[in-house]
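Colleague: This is the structure I have questions about; it appears just below.
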Amino acid sequence: MRGSSSISEARWFAVTITLTTLSAITISAAAAYIFKRKCNSLKSKINELESSLISCSDKCASERQGRIRAQKLLRKQLTQPKSQNPNLTSYPMIPIGTVHSCFSTRYGTPRQPLLVPLARACLVFNTTRVPPASLEGLADYSHCWIIYVFHLNTDLEKMWKHPSQSGFKAKVRVPRLKGGRMGVFGTRSPHRPCPIGLTVAKVEAVQGNMILLSGVDLVDGTPVLDVKPYLPYCDSIQDAVVPNWLMEDNLFSVASISFSEDFASSLENCWIMAEKKSLYASPGEFQSLVTQVLAWDIRSLSQRIRPHDVILKKEKDQLLGDTSDVDEHLDETAFVRDREQNSPNSMEVIYHLILEGLDVSYKIDHDGNVIVEKVSTFAVLDNKINSSYNYLTWKDKLR
């Protein structure tokens, strides 16, 4: 019996081993099958990715060839006479630099160049378009021409419309004509069919990709299209003639400028922070800038005629906005402050001139006497002034 039992156990053991082996073989075969399927799937995906990559490469090459052909065609068209190229309506122009000016807003920015000799600006070029080597030789000239864009015009969006819908005005109000109108090409109005400006400035210094200018009439942030040296032998016309209405030299000059007792202390308090970002060496030099700017009546025609009627109460953040009036584009920085004087309804007009982010408040009476009251920090503009363009950057290069 024991022998039979041992044989049965051996058989059972052998069967178990066989079944286990078969089970392992089956599992291995299944795993191998799954692995093979995954490999095939991955291989298929790799093939798809390779095909997609080849397709993308071919497409990029085709697009590159297309761009090259388009560039060659454009260059060819630009070199053709106008009669052979009647369909060309736009040209490859883009700003090459930006002006960082002492004039934070349009109000106070001179109407013409060189009227304020201390008005400084740093013209910074985009090095991706203008390598610093492009400025070599410019420092040998005393002055340069600057071609720029009137980027703060309120009618810029109309320039994109069809001429029949642009609302372009052929005549503009002229300050020297006391509101009289003149054809736009007979004036230097910023509101033109193409908002391009031309000005001249003194070249104080050149460094890297920057030019320090003085005598500017450019507001901060002005985009620049080109710079050319000023050539006296051909740019200065000795026998040039201008209309009679331009001959009144004292039309915009003020009678006197004085500073309040609080002005010096308020400027000293602001200068602690302003000095790091200023283009001026000291509070005294900044005060001289204020004197030169306010030596001209910078108010618009409507402000001079009806100062209490045209001034609106505005928040300071509106100093950065635009107006739609051609001549009165300077109105946006005047404020009214109510005071009890002879009658409860009387109002005293306080004007605000923003220079380098400092708010210079002043009054002007009917006789043209200016009283500068104080200076305060204009927080809205404070962060916009870059300390990389300050006086210390140019101190060693100033003439």
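The values are calculated or read from the model by the stated rules, or taken from the named source; none is laboratory data. Keep in mind the model is a prediction, meaning the values are calculated, not measured. All Cβ positions, glycine included, derive from the backbone under ideal geometry; neighbour counts span all protein chains shown. Ligands, DNA and RNA are stripped out before the accessible areas are found, and what is left, the full protein with its side chains, is counted by its heavy atoms. Shrake-Rupley method; radii C 1.70, N 1.55, O 1.52, S 1.80 Å.
Colleague: Going by what's in this entry, would LYS202 be described as of a type in the set (Lys, Arg) and surrounded by fewer than 20 Cβ atoms within 10 Å (Cβ to Cβ)?
Modeller: no
Colleague: Now for a different question. If you take the residues in the range 136-170 that are under 30 Å from SER236 (Cβ atoms) and charged (D, E, K, R), which one is most open to solvent (accessible area, probe 1.4 Å)?
Modeller: GLU136
Colleague: Identify the single condition in (1) under 27 Å from the mean Cα position of the chain (by Cα); (2) modelled with pLDDT of 55 or more; (3) open to solvent by 50 Å² or more (accessible area, probe 1.4 Å) that ASP322 does not satisfy, given that it satisfies every other one.
Modeller: (2)
Colleague: Any idea which residue in the range 348-371 is least open to solvent (accessible area, probe 1.4 Å), counting only those that are charged (D, E, K, R) and not in a strand (DSSP E or B)?
Modeller: Per the stated criteria, the residue is GLU356.
Colleague: Where residues in the range 176-185 are part of a helix (DSSP H, G or I) and in contact (Cβ under 8 Å) with a residue 12 or more places away in the chain, which of them is surrounded by the most Cβ atoms within 10 Å (Cβ to Cβ)?
Modeller: It comes out as VAL184.
Colleague: So, one more: Restrict the check to the range 191-199 and report whether at least one residue is in a loop (DSSP other than H, G, I, E, B), surrounded by fewer than 16 Cβ atoms within 10 Å (Cβ to Cβ) and of a type outside the set (D, E, K, R).
Modeller: yes
Colleague: Can you give me the number of residues within the range 119-135 that are buried (at least 16 other Cβ atoms within 10 Å of the Cβ) and either within 13 Å of VAL206 (Cα to Cα) or free of Cβ contacts under 8 Å to residues at least 60 places away in the same chain (or both)?
Modeller: Going through the range 119-135 one residue at a time, the tally reaches 6.
Residue-by-condition table, conditions (1) under 22 Å from VAL200 (Cβ atoms); (2) hydroxyl-bearing (Ser, Thr, Tyr):
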site	(1), (2)
SER101	yes, yes
GLY137	yes, no
ASP155	no, no
MET159	no, no
PRO163	no, no
PHE168	no, no
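Colleague: Same structure, new question: Looking at VAL206, is it under 17 Å from the mean Cα position of the chain (by Cα), of a type outside the set (Phe, Trp, Tyr) and within 22 Å of SER388 (Cα to Cα)?
Modeller: In short, no.
Colleague: Sticking with this one: Which members of the range 213-235 meet the condition of being among the hydroxyl-bearing types (Ser, Thr, Tyr) and either under 16 Å from CYS122 (Cα atoms) or buried (at least 22 other Cβ atoms within 10 Å of the Cβ) (or both)?
Modeller: SER214, THR222
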